[in-house]
Amino acid sequence: MEIGIDKIGFYAPHLFLDMNKLAVERNVEPAKFTIGIGQEKMAVPPITQDSVTLAANAALNILDEEDQEKIDVVLFGTETGIDHSKSGAVYVHRLLGINPNARAVEVKQACYGATAAIQMAKGHIALNPESRVLVLGSDIARYGLNTGGEATQGAGAVAMIISAEPRVMAFEGPSAYLTDDIMDFWRPVYSDKAMVDGKFSNEQYISFFSKVWEQYKKKTDLTLADFEAICFHLPYTKMGKKALRAVIDETSEAVQERLMENYQVSTQYNRNVGNIYTGSLYLSLLSLLEEKAELAEGSLVGLFSYGSGAVGEFFAGRLQPNYRKHLFTEQHQELFVSRKEISVEEYEEIFEETLPSDGRSIELDIHEDPAAICLSGIKEHSRQYINKQ
Ligand code: CAA
């Protein structure tokens with residue numbers, strides 16, 4: 001039985017900041033952000049978007065009635081959870097009108113959460129071939145104003161339906177994975193901003209990739225030449241390139257050229273959104289599939305997932321016949337063109353505007369936010385969500 005991605009959708013908030021303008025304001029050469037780090041635009045979430053609304057908006061337009069009925073597991077990968085106890089998956093389950101006889105759970109291991117969810121989904125579908133699993137990766141990356149990580153912030157979500165007989169990509173072969181208890185990036189429960197040892201996190205990312213790649217080659221006898229493209233978790237678009245460079249010498253020049261060229265394509269969406277943590281690898285896959293018109297059906301695509309702390313995994317999927325027909329390319333391109341640019345001053349104001357931390361109720365103005373699903377306030381300690389559709 002083949003198991004894989006049947007549908008894949010994406011959502012980012014409607015506001016963005018131009019990285020050139022942020023650089024000028026921070027007295028940094030713009031080329032450091034656009035070339036050195038590799039980011040052009042950063043998605044900025046208004047207060048009316050949180051990890052639940054981003055995830056629900058990403059899934060909303062890819063689900064049909066049959067999906068609502070057949071999805072029996074909702075797995076919500078995030079490191080921007082809104083509650084220590086109740087999972088974001090339960091809110092999304094209700095907002096999307098999914099069949100009540102479903103499981104709904106949140107999965108956490110930094111940016112690796114959605115990959116863990118995919119692996120769990122595979123097991124569930126192997127036992128229940130008729131079922132469909134909704135996997136969500138949704139996050140808001142926050143490091144703080146004037147911090148080293150500021151240029152690598154972002155916000156957004158990816159939603160995938162995992163099923164048997166998938167129409168986009170079938171997962172193939174084993175995974176290689178690795179866990180090590182390190183402090184490269186983390187967010188203590190009392191902080192709404194991430195803490196990071198930037199240089200160490202870069203080194204660990206590359207080291208995890210090199211190790212799981214070695215392990216993968218031993219398990220499968222595959223080499224770089226077997227892959228049409230390799231997609232990476234992208235905290236910023238230069239990161240995956242550094243990891244790829246660490247191993248690329250082991251293949252021919254022609255394969256090197258192909259992998260580097262496809263790598264560039266796979267970074268297009270991420271370059272214009274920023275880091276979306278759990279969703280970043282799958283946003284990169286989406287970028288490759290939707291931006292590269294001549295990517296052949298039957299191609300093998302490698303996927304490297306990295307979640308600080310840390311867990312890394314390498315696995316692969318094969319593109320299915322006519323996969324292009326089952327993408328939501330137009331919808332995603334429309335999302336990009338309809339976004340609104342904001343100034344650095346507006347971004348800073350939005351960044352500082354946070355929900356009350358003392359349990360006070362609040363009503364939010366949702367009229368400025370064009371998203372279908374918004375956070376409309378907090379009442380008696382419970383978040384109020386609205387679906388305008
Ligand atoms: N023109 C072109 N390039 C320039 C330049 C210019 N004028 N000025 C600087 N650069 C280049 C530098 O040479 C450097 O390139 P290399 O990395 O290839 O050497 C690059 O721009 C970045 O410069 P610095 O290393 O000086 O940047 P920095 O110290 O300000 O920090 C960072 C960069 C460490 C990524 C920081 O943004 C950060 O801490 N980000 C958050 C952590 C992160 O994303 N880590 C990634 C791995 S962890 C992970 O993947 C999980 C996750 O999602 C967080």
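Every number in this text was worked out from the coordinates using simple rules, so none of it is lab data. Just so it is clear, the model here is predicted, and its values are computed rather than measured. Cβ coordinates were reconstructed from backbone atoms using ideal geometry, including for glycine residues, and neighbour counts include every protein chain displayed.
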Length gained when the stretch HIS84-MET260 is fully extended (0.36 nm per residue, less Cα-Cα span): 59.3 nm
Whole-number percent relative contact order across the chain, with pairs defined as alpha carbons under 8 Å at least 6 apart: 24
In order through the range 98-108: 3J(HN,Hα) via Karplus (6.51 cos²θ - 1.76 cosθ + 1.60), integer Hz, x for Gly, Pro: 7, 2, x, 7, 9, 8, 9, 9, 9, 10, 10
Unsatisfied cross-links (Cα-Cα over 18 Å) in the set LYS21/LYS41; LYS292/LYS325; LYS7/LYS325; LYS241/LYS340; LYS7/LYS86; LYS32/LYS238: LYS241/LYS340; LYS7/LYS86
Distant-in-sequence amide H partners of ARG103 (H built 1.01 Å from N, under 5 Å): VAL73, VAL74
Net charge dipole size for the range 140-209 [Lys, Arg +1 and Asp, Glu -1 on Cβ; Debye, nearest 20]: 280
Antiparallel DSSP beta bridges within the chain, as percent of all bridges there, nearest 5: 75
Global form of the range 170-324, assessed from the alpha-carbon gyration tensor, a/c cut-off 1.5: prolate
Over the range 170-324, relative contact order from alpha-carbon pairs under 8 Å, at least 6 apart, %: 35
Estimated distance in nm for a label pair at GLU294 and ARG94, the labels positioned 7 Å out from Cα along Cα-to-Cβ: 5.1
Note, ³J(HN,Hα) from phi for the range 279-285, Karplus 6.51, -1.76, 1.60, rounded to Hz, x at Gly and Pro: x, 4, 4, 7, 5, 5, 4
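Multiplying the sequence separation of GLU69 and HIS367 by 0.36 nm and subtracting their Cα-Cα distance, what value in nm do you get?
104.2 nm
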Phi to ³J(HN,Hα) by Karplus 6.51 cos²θ - 1.76 cosθ + 1.60 over the range 17-29, Hz, x for Gly, Pro: 10, 7, 5, 4, 6, 5, 4, 4, 5, 9, 6, 10, 4
Relative packing of 120-132, 194-206, which averages over residues the other C-beta atoms within 10 Å, highest first: 194-206, 120-132
Gain on full stretching of the segment that runs from GLN384 to GLU250 - 0.36 nm per residue minus C-alpha separation: 42.9 nm
Sequence-separation-based contact order of the range 265-375, relative, with Cα cut under 8 Å and 6+ spacing, percent: 16
Per-peptide average of other Cβ atoms within 10 Å, ordering 250-257, 371-378 highest first: 371-378, 250-257
Cut-off 16 Å (backbone N to label point 7 Å along Cα→Cβ of VAL344), residues of the range 42-70: 42
Cα gyration tensor shape for the chain, rounded if a/c is under 1.5, else prolate or oblate: oblate
